[in-house]
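Contents: one structure, followed by commentary.
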Amino acid sequence: MSSLFACILREHDLWIVLVAAFLCGVGSWVTARLFRRAMQTNGSQRVGWYVLTALATGVAIWCTHFIAMMGFRAGTSVTFDPFLTLLSLFICIVGSVLGFVAAGSKVIRWPSVVGGGLLGSSIAAMHYVGMMAFHVHGQVHWDLPYVVGSGILGPILAMAALHMALKRTAKGANAMAALFAAAILSVHFLGMTAFHVVPDGEGMAPSHSEAMGIMTMAVIGMSLIILVMGMVSYLIDDSTRAESIERLRRMALNDALTGLPNRANFNDRLDFEIALAAQRGSRLALIGIDLDRFKDINDLRGHSAGDEVLRVLGRRMKAMLNEESGRFIARTGGDEFTALYRIGASGDVSGFVSRIEQALSEPIAVENLEISSGGSLGVAIFPDDAVDRENLVNCADLAMYRAKSNPLQRVCFYEPTMDERIRERRALAADLRDAISHDQLALHYQVQTIVSTGNIRGYEALLRWQHPKLGQIPPSEFIPLAEENGLILSIGEWVLRTACREAATWEPPYTIAVNLSAVQFINADLPAVVRKVLAETGLAPERLELELTESTIFADRARSLDMLRQIRALGVSIALDDFGTGYSSLDTLRSFTFDRIKIDRSFFSSSAATAQTTAIIRAVLALGKSFGIPVMAEGIETYDQLSMLNAEGCEEAQGFLLGHPVTVDDIISKGQVARLKGGPDGPGAVDGTRAESGA
Ligand code: C2E
Ligand code: CA
Ligand code: CA
C-alpha cells in the first residue's frame with residue numbers, strides 16, 4: 001500500500017492530484033444525492049433525475065481521470081487522441097445510466113450487484129480507453145496484477161456504493177458517496193501504478209506545455225459548473241418539495257375558504273383539550289355555531305356572496321383564536337363552525353360566547369349591500385354534560401338545534417331533557433316501523449252529517465296507534481314522526497287500502513274520507529297507488545274523498561296539482577282540509593277546483609258561537625258559493641254551533657256533537673251501516689274491525 005502511495009507521489013504533481021481527488025469527492029457526493037432523489041420519483045421525472053445523476057457521475061469519473069492525467073509525470077511529451085478521449089467520456093456516462101437504471105429497477109433480482117457491476121465496469125472501461133487516448137513518446141509497459149486488481153476493485157466498491165444507496169437514508173447516501181469516490185480513485189490510481197513509460201531517448205520534451213495547463217483549468221472549471229448545476233437543481237427541487245409538503249399539510253388542516261382550522265384539525269384539538277382538561281381537572285366549553293340565514297344569502301345573492309360572508313366571518317373568528325390560551329374556532333361544515341374554550345377560574349364562558357354572537361351579527365358588506373347572517377349557538381360543557389368527544393359534540397348539537405328552533409333564543413346551553421326527548425322520539429320511530437306488521441294500527445271512523453236534514457253523508461277515517469306499552473298515541477304525535485322517516489308512505493297506503501276495503505262492504509254506500517300527507521305527494525306515485533287500491537278493493541271511485549291541507553300543495557306546487565288532476569280523473573273527489581289555517585287560502589282555491597272545503601275546527605274552539613266565528617263562517621260560505629264548492633264545518637261540539645251553521649246555510653258538519661271517531665263495529669252496532677254479505681276479508685279487514693279501546 002505504502003509503495004502504491006509512494007509511486008503515486010513520485011509520478012504525479014501533488015496539487016493536481018488533490019484537485020482531482022476533491023472533484024471526485026464532490027462529484028460522488030452530488031451523484032449520491034441525485035441518485036437518491038431519482039429513487040423517490042416515478043415516470044418521466046425519474047428518467048430526468050437518472051440523466052442528471054449520470055452526468056454528475058460522468059463528470060466525477062472522467063474529470064478525475066483527465067485532471068489526474070494532467071498531473072501525471074510521464075517524463076516525456078504526451079498528447080491526447082481526441083476521439084478516444086470523447087469515447088471514454090461517452091462510455092462512462094452511458095455505463096452509469098445503465099448501472100443506475102439497473103440499481104433502481106424492481107424487476108432485477110440483485111439490483112445493487114448488477115447496477116454496481118455495470119457502474120464499476122464503466123469506470124474501468126473509461127480509464128483504459130482514456131489511457132489508449134494518452135499518447136506518450138516512449139515504450140509503455142503494463143503491470144498485469146494491478147490492471148486486474150483495478151478491474152475487480154472498481155466494480156466491488158461500486159456494488160457496495162449502490163447497496164448503501166438503496167437503503168434510502170441520508171447516512172446511506174453519504175456512504176454511497178464515499179464508496180463511489182473510493183471506486184473511482186482506486187481504479188484510477190491502481191491503473192496508473194500498472195502503467196510504466198520508458199521514454200524514447202530523443203523525445204525528452206517537457207511534459208507540461210502551457211496549453212495543457214489552460215486545458216486543465218478549463219476542465220476543472222467546466223466540471224465544477226456541471227456539478228454545481230446538478231446540486232442546485234437538487235436543492236431547488238428539495239425546497240419546492242418541502243414547500244409543497246408544507247402547503248399540503250396546511251391544506252389538510254385548514255379550510256381553504258376561511259383559513260380557519262378544518263374538521264379534522266378540530267377533532268385532534270378537541271381530543272387534546274379534553275385530555276388536558278381531564279388532567280387538570282378543569283372545564284371545557286364546546287360551542288356549536290350554525291349560521292341562520294346563510295342558505296337565503298346563497299340562494300338570493302349567489303354563491304360568491306355566500307363565500308364572501310364566510311370569508312369575513314372567518315376573519316372575525318380568526319381574530320378570536322388563541323391556541324395557547326385555549327380559544328379555538330374551526331369551520332366544521334358548510335355554514336357550521338365549532339369553537340372550544342378553556343373555562344378558567346372564573347368559570348364563565350358567556351364573555352366568549354357573546355363575542356362570537358357579536359361577530360356573527362355585525363353587518364357584512366357584500367356588493368354594496370349590508371348583510372347580517374346571525375347564528376344559533378349551542379353550548380356543551382366538559383365534564384358536566386359529557387366526558388368524551390362524540391357525546392360532547394352531540395350535546396352541543398342538540399343545544400344548537402334547540403337554539404335554532406327558537407328565534408328568540410340565540411344561545412342555548414345543553415340540558416339533559418333535550419336528550420331524553422330525542423331518545424324518546426327515536427325509540428317511538430323504531431316502534432312505529434313495526435306497527436303495521438304487529439297489527440297495532442287501526443282506523444276509527446267519524447261521521448260526517450248533512451246539516452239541514454241530519455242525515456249521514458259519510459265517514460272520515462282517522463288513524464289510531466295502540467302502542468303495546470304506551471297505549472294510545474295520538475296521530476298528531478306519530479304522523480309527523482312517520483313523515484320524517486318516510487314511513488308515512490307505507491302507512492298511508494295501508495290506511496287507504498283498509499278504509500276502501502271496509503267502505504266497499506257498507507250499505508248504504510256512504511262516502512269514505514281519507515287523509516293524505518304532504519310526503520305522499522312528494523315521494524309516491526300517488527295516482528297509481530289510488531288506482532291500484534280502488535281496483536283491488538272494488539270501491540266505486542265516487543265514494544272516495546281524499547283530504548289534504550294547503551301545505552301539501554305548497555311543497556311542490558306544479559307536481560302536486562298535476563297529481564291531483566290525475567286522481568280527480570279517476571273519479572275520486574278532493575277536499576281541502578283545515579281551511580283557514582294556511583297562508584294563502586284564496587290562492588289555493590284558485591289553483592285547483594276542490595270538491596269540498598273543510599273549515600278548520602280551531603274556528604269553533606270556544607264553545608259558544610261567537611260573533612267572530614259567525615263572521616268567519618259567513619265569509620267562507622260566501623267564498624264557497626262563489627267558487628261553487630260545498631263547505632263542511634269541523635269540530636262541531638255544541639247545538640249552538642250547529643244551529644248557527646244551519647242558519648248560515650252551511651251544508652255539512654263533523655264533530656263530537658254528531659259523533660266521535662269510533663270503530664267500525666260501533667257504527668254497525670248503532671245501526672248506522674250494515675255490512676253487505678261476504679264483507680271485507682284479508683288482513684286489512686281484520687285490522688279495521690279489530691276490538692279497539694273505544695273512543
Ligand atoms: P284532521 O284531518 O283535521 O282530523 C280531524 C281531527 O279532529 C281528528 O283528530 C278528530 O278526532 C278531531 N275532532 C273531530 N271532531 C272534533 C271535535 O268536535 N272537537 C275536537 N276538539 N276535535 C275533533 P285526530 O283523530 O286526533 O287526528 C288528528 C290529525 O291527525 C288529523 O286532523 C289528521 O291531520 C291527522 N291524521 C289522522 N289520521 C290520519 C291518516 O290516516 N293519515 C294522515 N296523513 N293524517 C292523519
Ligand atoms: Ca281530515
Ligand atoms: Ca281537519
Report summary line: Filter the stretch 540-566 for residues that are of a type in the set (D, E, K, R) and part of a helix (DSSP H, G or I); the one that is nearest to ligand 3 (Cβ to nearest atom) is Glu550
Report task. Would you kindly identify the helices (runs of 4 or more DSSP H) lying entirely within the stretch 567-672 that contain at least 1 residues that are more than 11 Å from ligand 1 (Cβ to nearest atom), closer than 19 Å to Tyr459 by Cβ and touching a Phe, Trp or Tyr at 6+ places or on another chain (Cβ under 8 Å)? Result -> 664-669
Query raised in the report: Across the stretch 72-95, what is the total count of residues that are free of Cβ contacts under 8 Å to residues at least 60 places away in the same chain and not acidic (Asp, Glu)?
Result: 16
**Report entry** Residue among Leu34, Leu23 that alone is touching a residue at least 60 places away in the same chain (Cβ under 8 Å) and within 43 Å of the chain's Cα centre (by Cα)
**Finding:** Leu34
Query - Number of the exception - Tyr341 against (1) more than 16 Å from Arg269 (Cβ to Cβ); (2) not assigned by TED's automatic domain parsing to the domain that holds Gln472 - result: (1)
Query - Matching residues, the stretch 647-657, being within 15 Å of ligand 2 (Cβ to nearest atom) and more than 55 Å from the chain's Cα centre (by Cα) - result: Glu652, Ala653
Query raised in the report: Do you know which of the residues in the stretch 533-542 that are among the aliphatic types (A, V, I, L, M) and crowded, with 18+ Cβ neighbours inside 10 Å is farthest from Asp556 (Cα to Cα)?
Result: Leu539
Report task. Could you check Arg109 against (1) in contact (Cβ under 8 Å) with a residue 12 or more places away in the chain; (2) not in a helix (DSSP H, G or I) and say which number it fails? Result -> (1)
Report task. Being among the small types (Gly, Ala, Ser), surrounded by fewer than 19 Cβ atoms within 10 Å (Cβ to Cβ) and in contact (Cβ under 8 Å) with a residue 12 or more places away in the chain is the filter here, so list the residues in the stretch 475-523 that pass it. Result -> Gly486, Ser490
Report summary line: When every residue in the stretch 326-377 that is under 23 Å from the mean Cα position of the chain (by Cα) and outside any strand (DSSP E or B) is compared, the one modelled with the highest pLDDT is Thr332
Query raised in the report: Given Leu23, Leu52, which one is at pLDDT 80 or above, in a helix (DSSP H, G or I) and closer than 30 Å to His137 by Cβ?
Result: Leu23
Query raised in the report: Which one is modelled with the lowest pLDDT, of the residues in the stretch 630-641 that are more than 16 Å from ligand 3 (Cβ to nearest atom) and farther than 15 Å from Ser602 by Cα?
Result: Asp640
Requested in this report: Pull up the stretch 448-474, narrow it to residues that are hydroxyl-bearing (Ser, Thr, Tyr) and surrounded by 18 or more Cβ atoms within 10 Å (Cβ to Cβ), then point me to the one that is nearest to Leu621 (Cα to Cα).
Outcome: Thr449
Query raised in the report: So Tyr414 fits all but one of (1) among the aromatic types (Phe, Trp, Tyr); (2) touching a helix residue (DSSP H, G or I) at 6+ places or on another chain (Cβ under 6 Å); (3) surrounded by fewer than 20 Cβ atoms within 10 Å (Cβ to Cβ); what number is the exception?
Result: (3)
Report task. Specify which of the listed residues (Ala622, Ala609) is surrounded by 20 or more Cβ atoms within 10 Å (Cβ to Cβ) and either within 16 Å of ligand 2 (Cβ to nearest atom) or modelled with pLDDT under 95 (or both). Result -> Ala609
Report summary line: Cβ pairs under 8 Å, 6+ apart or interchain, first in the stretch 379-395 and part of a loop (DSSP other than H, G, I, E, B) and of a type in the set (A, V, I, L, M), second modelled with pLDDT of 95 or more and surrounded by fewer than 18 Cβ atoms within 10 Å (Cβ to Cβ), ordered by first then second residue, are none
Query raised in the report: Are there any helices (runs of 4 or more DSSP H) wholly within the stretch 428-533 with 1 or more residues that are at pLDDT 95 or above, within 16 Å of ligand 3 (Cβ to nearest atom) and within 25 Å of Val572 (Cα to Cα), and if so which?
Result: 475-484, 488-503
Query raised in the report: So, in the stretch 647-667, of the ones that are closer than 20 Å to Asp595 by Cα and touching a residue at least 60 places away in the same chain (Cβ under 8 Å), which residue ends up nearest to ligand 3 (Cβ to nearest atom)?
Result: Gln654
Query - Of residues in the stretch 275-300 being more than 25 Å from the chain's Cα centre (by Cα) and surrounded by 18 or more Cβ atoms within 10 Å (Cβ to Cβ), the one nearest to Lys404 (Cα to Cα) - result: Ala285
Query - Yes/no for Val530 being more than 16 Å from ligand 2 (Cβ to nearest atom) and either surrounded by 20 or more Cβ atoms within 10 Å (Cβ to Cβ) or more than 49 Å from the chain's Cα centre (by Cα) (or both) - result: yes
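The values are calculated or read from the model by the stated rules, or taken from the named source; none is laboratory data. Note that the structure is a prediction, hence the values are computed from the model and not measured. Note that we place each Cβ from the backbone using ideal geometry, even for glycine, and neighbour counts take in every protein chain shown.
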